[in-house]
Each structure stands twice: as structure tokens, then as C-alpha cells.
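Taking it in order: structure first as C-alpha cells, then the write-up.
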Amino acid sequence: MDIEALRAAGARHLIQGELLSDVVPAIDGPVFVRAAGAEIFDADGRAYLDFNSGQMCSALGHNNPRVTEAVRKGLGVLTHASSVYFNEPQLRLAARLAETFDAPLSRSLFIQSGADSNEAALLFARRATGRTGIGALHLSFHGYTDVTRAISFAASTAGNGPSIPDVHAIPAPYAYRAPVDADGEGWWRPLLAIAFDLLDRECPGNLAAVIAEPLISAGGVIEMPPGYLMALKAGLEERGALLILDEAQTGLGKLGTMYAYQQHGVVPDIMTLSKHFGGGLPVSAMVTTDPVAERALEGGLTFGHSHSSDPIACTAGLASLDEIIEEDVPAKARAIGARWRERMEELQQQFPMVGDVRGRGCLQGVELVRDRATREPAVREAQEIYRDCLGDGLLFSVRGQHRNVLRFVPPFCTGEEQIDRAAAILERALARRS
Ligand SMILES: Cc1ncc(COP(=O)(O)O)c(C=O)c1O
């Protein structure tokens, strides 16, 4: 079958949600056939600079050689094993990973996706505290399973029916669209006070945890203001509740440090990792402390999936971790991030439509507005710019509360020429609409 016949078969036989296909429906988009490093190629041989790193899972570069080689070798040795017992790659990964986080984080559970790591985090938090209330930021995204959909307010859509109980939205500290003056230091304090006031009323004495992304990604590349996570953690401690940080998109070097929490002076009680953890293969982790793990396991907790701790997934995770540490991925993310930020700030000078430039390292966003004074979201323009860039060979995603934020996640192997080429493609698209 040629590609057009295959595409037609896909239209008949695949389920492709509208949200998942982003601005250009899959039926009209490229059919990817191969990739290398920061580029991906379609069936017509066209190259795209992948500033989305796939679904952010190929941030180590497509087909990362170290991960590919480790998996190739591992497949002939131990692909899968019962998760009732330890397997060697799982043990090696647990030990290596534990060296990377700060005390008191010490223990990991390996599963497959970001969503299931967050489900595990909620379950552990609820069991460890003996409470059920969960708070989440109102622009958060933590996954598309029913439990994580309940805490993913950035992705709420009508028609999904009731979700899990005792979940509460609290206001995200979104400086660019804050309901209070966001100029001074600590501007977010009234929002946090409202958050705790709501939580104290909605689940009095029964708050188990608040889950947060240290930099909100799908909700619009929103940075947690300095001091916010520290104050959130302090407020939770006062209430005997836990802080869960979802580092799916921010961990393992992406923001220029091994973990984003290190930039905020807090260590969470529970952290989740996924996305590029497996170097392109599915593996995730829920990480926590000895006391939380012990309390959660009391009374006999049965948890896991058929592919929990799969040796081959752990092999990929280990190779990816080796790459992150030995190649100093955090430094690469800082360098790429600095150059990209420079280009984006130049575009902000040039085009009034570029209302805000934000993010860190290899996770940055550009918020498009029709008018800098009113900040009216440039939603249609964002879609047109996306389409133009796709046509010119640049992939990224359009996210945010109003879907007017261009989100860029270049792989850590992106070279300077590729950064400048991507910025030039974006510049042309902006120029056509100015
Ligand atoms: C912050 C965050 N958490 C969790 C998830 C869900 O991960 P997965 O799609 O692997 O279930 C995502 C996915 O984009 C995410 O951005």
C-alpha cells in the first residue's frame, strides 16, 4: 500500500481525538516515517525541526544512540518479567535514579506513563495521610486517565461524565493574566491565601495533597513565581498534607537543573517523572520518601500494571539517565534555552503580537495577543502561524487556556544553526500576519 492509501485506511480505522491532532487534523498532516536527532521526516521526505520533541518524549533526540543500543542489546536478554520479583535493570535504575534526587526522596516505583505515575502519586498520598482531598492548579495537566483527567483542569471538556470525588481546583499563579496586580514580588500571595481558604472549606481536615507542575506546560507555559512552591509546601505542612510535583515535563534536566524543584528551594513529598525518562520508550516513575511509602503500603497495597518495572523499559530509563548525567543535559538545556530566549525576545521587539515570552531551558512559550494593552488572545493567528510553520518544516504545539501560546520543546541535541533556522521560520510566519 502506498502512503496515500495508508492515510485513507487511517481515516477509516483510527480514532484520532480532535485535541490530540492539534491545529491541523492528522488526516491533513504529515505521515512520519523516520527521525534522527532534532529532526523528523515525513513520507514525502520532508524534514521538520521537531521543537515538540515528539510528545516531549524524544527530548534526548530522536533514536538516541545510547538508548537505542541499550534496548537493542536488552531485547535479546530480558524483555519482560513478572513484577512480583525484582529484575536487574529495575534494580540498577532504582539505584542510579536515587543518586539524582535530594533527601528525603529515596524510593521509586516504575510504571509506564505520566498519567499512571500521577494516579500512583494520588493513591500513595491518600493512603499515607489517611485522607482523600486533592487540590490541583486550575490550569494543570496531569494526564488523560479518569483519575488524572479529574486533576487536569487545562484539559477539561464537556461530555466526559462525573470524575473522581474530592478533587478541588485552586488558582494557578499566572502572572500574565493574573486577577491581581502581578508586578511586585510576592504578588501571588493573595491567590495562595484564596487557595488554602478554599481547600480548608472544601475538605476541612481531610486534605491529602496538592499536585502541581513546577512549570505549567499544557496550561500555557506558566512559570511558578519565585517563593510560590515554598509557601505552598509550608501551608501544606501546617495542614499535615503532602506536596506532589509532577515533573513529567520539567524533570531530568529540561529546565536547566536535574529537577525543577531545585530551582524553587523545595523538595516535594512525592515526585513523578515520565516523558523523556525512557528516551522515547514508555517508562515513568513515582518517587517518594521512606515514611510516605511505608504508610501507603500499610495494610497491604496492591498496585501495578502488567508492564510495571518491565526490564526493557527500565533498560531504556537507565540508558537515558546515563545520557542525562554524563552528557550534562541540564547544561545543554541552559545553553539551548538561552539562545532560543534571545531569538524570542528579538521577535517580541519586532512584533507587537508577541505579548509574552516565558519558560526556561528547553520548555519555553510565546503568548500571542491582538493587542498588548488588552492582551486579547490571538487564537486564530496562533493557529495560522502553526500551520505556516508546519508547512515550512517546524513542529511545536499550541497550548494554553485560550490556545494562543506557542510551546517549544527542542531536543537537547538541537544545534545553534537549527535554533536559528527554527526562529527564522517563526519570524516569517509572524511577519506574514503583521
Ligand atoms: C505535566 C504532565 N503530566 C502528565 C502527563 C501525562 O503523561 P502521559 O501522556 O504519559 O500519560 C503529561 C502529558 O503531556 C504532562 O504534560
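Each of Gln262, Pro30, Thr68 was placed along the dipole of the chain (beta-carbon charges, centred on the mean Cα), and the one lying farthest toward the positive end is Pro30. Here the chain is treated with +1 on each Lys and Arg Cβ and -1 on each Asp and Glu Cβ, and its dipole about the Cα centre works out to around 320 debye.
Where both partners of a DSSP beta bridge lie in the chain, what percent of those bridges are antiparallel, to the nearest 5? Given both bridge residues lie in the chain, the antiparallel proportion sits at roughly 65 percent.
A 1.4 Å probe run over the protein chains yields, for the chain, 42 Å² of accessible area per residue, whole-number rounding. Ignoring aspartates and glutamates fewer than eight residues from Lys275 along the same chain, the ones with Cα atoms less than 14 angstrom from its Cα are Asp116, Glu213, Asp246, Glu247.
Of the solvent-accessible surface of the chain, computed with a 1.4 Å probe over protein heavy atoms with every protein chain present, carbon and sulfur atoms account for 53 percent. Here the extension length gained between Ala193 and Glu69 equals 39.6 nm, from 0.36 nm per residue of separation less the Cα-Cα distance. Please report the spacing between the Cα centers of region 267-295 and region 96-114 in Å, no decimals. Measuring centre to centre over Cα atoms gives 5 Å.
Taking a straight Cα-Cα cut-off under 24 Å and skipping sequence neighbours fewer than 8 places away in the same chain, the lysines within cross-link reach of Lys233 are Lys254.
Seen from Pro190, the other residues with C-beta closer than 12 Å to its C-beta sum to a net charge of -1, counting Lys and Arg as +1 and Asp and Glu as -1. Restriction of the GluC sites (Glu not before Pro) in region 1-66 to DSSP coil positions whose beta-carbon has at most 10 other beta-carbons within 10 angstrom yields Glu18. Here region 192-230 and region 1-60 have alpha carbon centers that stand 35 Å from each other.
Peptides 238-246, 83-91 ranked from most to least packed, by the mean per-residue count of other Cβ atoms within 10 Å: 238-246, 83-91.
Taking one quarter of the surface of the C-alpha convex hull of region 326-397 gives a mean projected area of 5.4 nm². Sequence-distant contacts, meaning Cα pairs under 8 Å at least 6 residues apart, place the relative contact order of the chain at 22 percent. Global size of region 220-300: 14.0, 41 Å for Rg and Dmax (C-alpha atoms, Rg to one decimal, Dmax whole).
Here the label points at Leu297 and His13, each 7 Å from Cα along the C-beta direction, are separated by 4.5 nm in the simple model.
The magnitude of the dipole of region 36-111, with charges of +1 and -1 set on the Cβ of Lys/Arg and Asp/Glu and taken from the Cα centre, is near 320 debye.
Ordering Ala5, Leu347, Ala422 by the projection of their Cα atoms onto the charge dipole of the chain, which places +1 on the Cβ of Lys and Arg and -1 on the Cβ of Asp and Glu, puts Ala5 at the extreme positive end. On the beta carbon distance between Glu417 and Asp42, with R0 = 25 Å, the FRET formula returns roughly 0.75. Separation of region 328-360 from region 139-178 is 28 Å, based on Cα centroids. Applying the criteria of a DSSP loop state and at most 13 other Cβ atoms within 10 Å to the trypsin sites (Lys or Arg not before Pro) of region 68-156 yields no site. Based on every Cα atom in region 65-326, Rg and the maximum pairwise Cα distance Dmax equal 18.3, 59 Å. Count Lys and Arg as plus one, Asp and Glu as minus one, and take only other residues whose Cβ is under 10 Å from that of Ile134; the net charge is then +1. Using 0.36 nm per residue and subtracting the Cα-Cα separation, the extra length available between Ala5 and Arg380 on full extension is 131.8 nm.
The values are calculated or read from the model by the stated rules, or taken from the named source; none is laboratory data. Note that this is a predicted model, so its numbers are computed, not measured. Note: ideal-geometry Cβ built from the backbone for every residue, glycine included; neighbour counts use all protein chains shown. The protein model used for the area step is the full one, side chains on, heavy atoms only, and it has no ligands, DNA or RNA in it. Shrake-Rupley method; radii C 1.70, N 1.55, O 1.52, S 1.80 Å.
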